[in-house]
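Visitor: This is the structure, below, for whatever I ask next.
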Amino acid sequence: MKHKAKIVFAASLLAISTQASQAAGCLKGAVVGGVAGHFAHHPVVGAAVGCAIGHHRAAVQRREMEQRGKEQDYQNNRGGQQDRNR
């Protein structure tokens, strides 16, 4: 059983390292989930779930930042057009 867990863990590390650009939040979540899972006697499951949650939260934060940027661009362009019309 421990051998299988080590293989799964190594495979997940390999997947994370090959997709570094998509791993935003995953490593932090995996560490937190692994520690929490350790106390529940399921560190690999905790790390996998932590990675998924961390990745999701990073994606939400990235979308919010993009939305704020679009709103600022719109406001800046709209204000510039009003100044040119005067």
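Visitor: Restricting attention to the stretch 34-58, and to residues there that are touching a helix residue (DSSP H, G or I) at 6+ places or on another chain (Cβ under 9 Å) and loosely packed, with under 14 Cβ neighbours inside 10 Å, which single residue is farthest from I7 (Cα to Cα)?
Guide: By that ranking, first place goes to H56.
Visitor: While we're here: Can you spot a residue in the stretch 48-69 that is of a type in the set (D, E, K, R) and under 8 Å from the mean Cα position of the chain (by Cα)?
Guide: Yes - at least one qualifying residue is present in the stretch 48-69.
Visitor: Within the stretch 16-41, track down each residue that is among the small types (G, A, S) and modelled with pLDDT of 65 or more.
Guide: Matches in the stretch 16-41: A23, A24, G25, G29, A30, G33, G34, A36, G37, A40.
Visitor: Something else about it: Under 7 Å between Cβ atoms, which residue pairs at least 6 apart in sequence (or on different chains) link something in the stretch 1-12 that is under 13 Å from H42 (Cα atoms) with a partner that is at pLDDT below 75 and not in a helix (DSSP H, G or I)?
Guide: none
The values are calculated or read from the model by the stated rules, or taken from the named source; none is laboratory data. All figures in this text were calculated on a predicted structure; none of them were measured in a lab. When we count neighbours, we look across all protein chains shown, and the Cβ atoms used for this are built from the backbone with ideal geometry, even at glycine.
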